[in-house]
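To start, the structure itself, in C-alpha cells.
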Amino acid sequence: MSKAIFEEFDGYQDIVDEIDFSRRRGVDYTVYRDSVSRQIDLLHPRRITLRVADIRDETASTKTLRFVAQDGYLPPFLAGQYIAIFVDVAGVRTSRPYSISSPPNQTGYYEITVRRVQEGRVSNYLLDELRRGDILEASGPSGHFYHNPVFHDPTMVCLAGGSGVTPFVSMVREIVECGPDRTLFLIYGNKTLDEAIFHDELSRMSDRFRHITYAPVIEDPLEGYDGATGLMTGQLIQEIIGGPADKTFYLCGPQGMYDFCVPELLTMGVPPRKIRREIYGPPARIWEDPAWPREIHAEDRFRVRVAGGTPIDARAGEPLLTALERAGLRVPSLCRSGECSMCRVKIRSGKVFQPAGIPVRKSDRQFGYVHACVSYPLTDLEILI
Amino acid sequence: METYDAVVIGAGNGGLTAAAGLAQKGLHVLLLERHNIPGGCATSFCRGRFEFEVALHQLSGMGTTEKPGPLRMLLYSLGVLDDLEFVEMKDLYSVAMPDGFRLTLKADRDQVISELAQRFPHETAAIHRFFDLAYAYANQMLAAFFFKDPSPSREKYPVLYSHAFKPASEILDEIFTDPMLKGLLSVYWGYLGLPPNRLSFAYLAMLFFVYIEFKPFHIKGGSQALSNALANRFLSNGGTVRFNCGAKRIIVENGSVQGVETEDGDRIQTRYVVSNASQVTTYAQLMDREAVPDHALTEMGGRSLSPSAFTLFVGFDCGPEALGITETTNFLIDSFQFDDRIFNRMRSLGITDETMVLSCYDVADPDFSPPGACQANIVTLKYGEPWMHIPPTRYHRVKFQCAEAMLRRVEAIFPNVRAHIEELEAATPLTHMRYLGHPEGAIYGFEQYTKDAMFFQPGRFAPIEGLFFASGRIGDCGFQPTLHAGMSAAKSILKKLGAA
C-alpha cells in the first residue's frame, strides 16, 4: 500500500511521536465499566427499594408512611419533589406519585402522606393493606415543583387544597429546620377543619416562627371556628400576605382550586410567570371536558393492539396507561399527570383524546406520540411502546 | 431466539442514521434505546409552556435547496427532508462583552470581511489573507479527501500540506497583530472544546467555510424533530425500535459479533452491531474483557475525554427584543485570553469569566417559543470530573450556585433578563452523564487534538468482525459529523453484505 497523503503533511512525525507518547502514558478505560450508572444512581436512581418503617394516622382519612431505604441509601431531593410508589393491587402493577412530606435535610427516611381517594385503588391499598416492614419499589425523587432560588422570590405564597399540602409541609419543615432566608405563607383550604392535615404542627410553627404564616381556610366551619372561611379569594389572600409584589406563588391541589385561584391571583396583579402549579393527577371525569367528543361515552370499549400483539381492552373514560397496566404490560410511568413524558407511546393508528395544556413536544405531536397517562381511546388503537 | 440482520445500540444522531440507512435497504434492524425517546443529545424537554432545545446551536452542512450541502443530501437520501422545516440563521455569530462591546458577523464571506475591516482597518489586508487561507485550506481538503483525488501532491495542495497540522493560534499570530481580532475569530473554539492554541487550524478553517458556504441552520421543533423524523422513517421502513431498553452486552465469539443481550435479558442473534455508545462504554462495559483486543484499548487509552457542559435553559415571558437580544448565536466573553488558562476554568466548578454561548432560537424563528415568549440556551464547557466529587446532599446547592453565577454573567450583558424569567432549568455535567450515558458526561466524545484527527484513529472500525461505531467519538463531533458517521457505519455493513 502506498503512503497515505497525510504522512507527507508538515509536522506529521511530531504527531506520530505524540500519539506514541500518549498511548504509553494512556488511560486505562477498562476501569470505567459501570462508572456512569454508579455515579448517577447516587442522585437519580431509576428505582429504589423502600421498607415501611412507620405508619402514623394524621386525620380520619389520612396517614403518613415513613420509608427507609432497604440498602441504606436515599438519594437527595428538593422540598416539593415527589416519588412514584409502585404497587401490585389485585394483580395489577401500577404506580402513583406522592410528594415527599418529610424535609430534605432528613436523609434517613422519606415520608409520604396519603389521603383516601374515592375508588382510589392505590390509596386504599396503601392505607388499608400496608404494614410496617413491607417492601415497596419507588422511583427516585422527581418533579419541578420546588423553590428555585435562582429566579423565585425569597417570599413564597403557597396555596394548598386537601392533600395538596404535602409538598408545602416539606418546605415549611426545611425552612424551620435549616433556616434558609425565606418567608413562607401557607394558605390551606379544606371543607372542614378536621380534614386539614398537619393542622397542629403548622399552627405551632406559624406561632413560633416569624417567617412562617399558616392560614387555614375552611369552607364549612363548625360553630366557634374563628379562622378564615369560604374560598381562597384574592381578597382573602391579600389580607394574609399584603401586596403581591416580590412574591412567588405556588399552587398544589385539585383542578377546581386552580380554576378558581389562578384568575384571582391574576386579578391581584400577579404576573403569570410568578404562578407555579404542581401537577395533580389526570383529570377526573375526563368525559366532562368541554372538548370531549359527545358521541363517545366513558364506558365505551375499544381494542388496543400493542406492536402487533394480542389486542387488549380499554375504556374511553380511563387513561390508556391504566388499560395497558391492567393487561400486564410494562410501561414506564412517573408523574401520571402528562408532564414527565415517561409514558410516551406512539399511536400508529386510531385516535385518542388528550386534554388541552398537556406539555407534549411539538415533533411528538407531529409523529403521533402521546403521553399514555392522559390519553383516552376514542377508537380502536394500534400503539408502540 | 430473535434474529436481526443488525442491531443498533443507541438512538442518538449516529444510531438513528445508521438504523434508518440500513432499514432503507431492506435490512431487518433492531434499534435499542435506553431512554424513552430517540435523539440522545438531539432532543428537547418541556417545562411549563416551553419546549427547550437541548443541544443544537447551529446545524452545519445544510445549504439551500439550490445549493445543497452534504447534510441536506444525506437527509434527502434518507427520505426525511419533507418531514422537516429548516430555518436559516442570518448571523454567523455575535460577540458580546460586559463593557458594551458588540460585534455581529453575518453568514456571508464578503460581509464578514467588510465588518471586520471596518472595525479593524489596520488589519484589512490580513483579514483578506485569513479568509483566503481558510478557504484555500477547505477547498484543498475537500478536493483531496471528499472528492478523493487519486493523485494528490504538495504542488496541487500546498495549503493542505503545510497547514493541516498547525494550531489555529499559530496561523492567527502569523497573520494578525491585534489580539482582539484574533480572539473574535477564534470564539468557535467553544464548539470544539479546545483552546485555539491546541486546536488545529484545520477545524477553524472548516468551520468558517461550512457555516459561511452552507449557512448555519436551525430546525422547526428543534433537534427533536430531526430525531423523531429519522426514527419515524426507520419504523416505516420496517425497523423495530425498543425504547426503555438498553443493550447489556455485545456477544462476541472468536473475534466476531454473535449477538446482543438487552437490559431486559433478551438475547438477540445478529452478525452486525452499530454502537452509538462511546468506545469506552462499548469496550469496557458492553463487552467481555477477553473479547477486546489489547491494541484497541491501547489506542483508546491515548485519547482523553472531552469536557462536559453546564447549561442553563431559560424561558422568558417576553420576546428577545425586550431583552436586548438581537442575534441568534451570541458568544458572551470577558476577555480574549484563549489559551491553556481555559483548561483551568473548564476544570473548576465555579463560573467567573468563562466563554459562554447564548442561543436564542426565537430570533431566527419567532414560532420557536409560545407567542410573546422566547427562550435561551446558555452553555459553557466544564469537565465532568469535579462534579463527580460533590457529595450528593450538596449537589442541588452547587447546581443552583452555578446557575446563579451564570445568570449574573448573562445579566452583565443583557441586564433585563432576570425580570422576565418564567422557567429556568440547569443541566450540569452529571445531567449530561445521566441522559447520554457518557463517561464523565463528555459531550464532545474524545478531545479533538490534532493527534486524534480522523487520519490517526480507527474511526468507525473496530477490531471485531461485525462491530462498527457511529457517534461523535469516531472522528469529528457535532451534529453534522455524527449524522454522517451513522450513515458511514450503515454503508460499511451494506458493503460487507454486498447490498450497497
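The values are calculated or read from the model by the stated rules, or taken from the named source; none is laboratory data. Bear in mind that the values here come from a model prediction, so they are computed numbers and not experimental data. Positions of Cβ are backbone-derived with ideal geometry, glycine not excepted, and every protein chain shown enters the neighbour counts.
Assorted remarks:
- The single residue among A:V31, A:V27, A:V52 that is of a type in the set (A, V, I, L, M, F, W, C), free of Cβ contacts under 8 Å to residues at least 24 places away in the same chain and more than 7 Å from chain B (Cβ to nearest Cβ) turns out to be A:V31.
Listed here are the residues, each with its yes/no results for (1) in the same structural domain as A:L127 (by TED's automatic domain parsing); (2) modelled with pLDDT of 95 or more.
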site	(1), (2)
A:K3	no, no
A:D17	no, yes
A:D20	no, yes
A:D41	no, yes
A:T59	yes, yes
A:T64	yes, yes
A:L78	yes, yes
A:I83	yes, yes
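- Residues of segment A:328-357 satisfying the condition of being more than 9 Å from chain B (Cβ to nearest Cβ) and surrounded by fewer than 23 Cβ atoms within 10 Å (Cβ to Cβ): A:G328, A:L329, A:L334, A:S337, A:I347, A:S349, A:G350, A:K351, A:F353, A:Q354, A:P355, A:A356
- When segment A:200-216 is filtered for residues that are part of a strand (DSSP E or B) and not small (G, A, S), the ones remaining, listed by number, are A:I212, A:T213, A:Y214, A:P216.
- A:L251 in a helix (DSSP H, G or I) and in the same structural domain as A:L184 (by TED's automatic domain parsing): no
- Total residues in segment B:408-438, condition within 9 Å of another protein chain (Cβ to nearest Cβ), in contact (Cβ under 8 Å) with a residue 24 or more places away in the chain, surrounded by fewer than 21 Cβ atoms within 10 Å (Cβ to Cβ) and assigned to a helix (DSSP H, G or I): 1
- Taken as a whole, the structure leaves A:L321 outside the set of residues that are outside any strand (DSSP E or B), under 27 Å from A:V89 (Cα atoms), modelled with pLDDT under 95 and more than 9 Å from every other protein chain (Cβ to nearest Cβ).
- Leading residue by the ranking (nearest to the other protein chains (Cβ to nearest Cβ)) among those in segment A:79-119 that are surrounded by fewer than 23 Cβ atoms within 10 Å (Cβ to Cβ) and hydrophobic (A, V, I, L, M, F, W, C): A:F86
- Residue match in segment B:137-156 (condition: in contact (Cβ under 8 Å) with a residue 40 or more places away in the chain and in a strand (DSSP E or B)): no
- Being touching a Leu at 6+ places or on another chain (Cβ under 7 Å), more than 8 Å from every other protein chain (Cβ to nearest Cβ) and closer than 26 Å to B:P370 by Cα is a property that holds for B:I219.
- When B:F461 is tested against (1) within 14 Å of another protein chain (Cβ to nearest Cβ); (2) surrounded by fewer than 19 Cβ atoms within 10 Å (Cβ to Cβ); (3) more than 30 Å from A:Y146 (Cβ to Cβ), just one condition goes unmet, and that condition is (1).
- Some residue of segment A:326-333 being farther than 13 Å from B:N244 by Cβ, of a type in the set (S, T, N, Q) and touching a Cys at 6+ places or on another chain (Cβ under 9 Å): no
- Subset of segment A:337-353 [touching a residue at least 40 places away in the same chain (Cβ under 8 Å) and under 21 Å from A:E288 (Cβ atoms)]: A:S337, A:G338, A:F353
- Matching strands (runs of 3 or more DSSP E) fully within segment B:11-105 where at least 2 residues are among the acidic types (D, E) and at pLDDT 95 or above: B:50-53
- Against the test of being assigned to a loop (DSSP other than H, G, I, E, B) and farther than 29 Å from A:L42 by Cα, the options A:I197, A:I187 yield a single qualifying residue, A:I197.
- Pairs where the first residue, in segment A:83-106, is among the small types (G, A, S) and the second is part of a loop (DSSP other than H, G, I, E, B), C-beta under 6 Å, 6+ apart: A:A84/A:S139; A:A84/A:L334; A:S95/A:S333
- Lone unmet requirement of (1) assigned to a helix (DSSP H, G or I); (2) buried (at least 17 other Cβ atoms within 10 Å of the Cβ); (3) of a type in the set (S, T, N, Q) for A:Q238: (2)
- Within segment A:354-377, residues that are in the same structural domain as A:R315 (by TED's automatic domain parsing) and in a loop (DSSP other than H, G, I, E, B) sit with their Cβ atoms under 7 Å from residues that are among the small types (G, A, S) and surrounded by fewer than 24 Cβ atoms within 10 Å (Cβ to Cβ), at 6+ positions apart or across chains, in these pairs: A:A356/A:A291.
- Meets criteria (within 14 Å of another protein chain (Cβ to nearest Cβ), assigned to a loop (DSSP other than H, G, I, E, B) and surrounded by fewer than 24 Cβ atoms within 10 Å (Cβ to Cβ)) for B:G475: yes
- With respect to the conditions (1) of a type outside the set (G, A, S); (2) within 15 Å of B:L185 (Cα to Cα); (3) not assigned by TED's automatic domain parsing to the domain that holds B:S200, B:D132 falls short on a single one, namely (3).
- Here A:R305 fulfils each of the conditions (1) part of a strand (DSSP E or B); (2) within 14 Å of another protein chain (Cβ to nearest Cβ); (3) closer than 28 Å to B:S227 by Cβ apart from (2).
- Selection status of A:S123, within 17 Å of the chain's Cα centre (by Cα), within 30 Å of A:L222 (Cβ to Cβ), away from chain B (no Cβ under 14 Å) and surrounded by fewer than 21 Cβ atoms within 10 Å (Cβ to Cβ): yes
- Verdict on B:I251 being of a type in the set (V, I, T), free of Cβ contacts under 8 Å to residues at least 40 places away in the same chain and away from every other protein chain (no Cβ under 14 Å): yes
- Positions within segment B:350-377 being over 16 Å from B:G315 (Cα atoms) and in contact with a Pro (Cβ under 7 Å, 6 or more places away or on another chain), in sequence order: none
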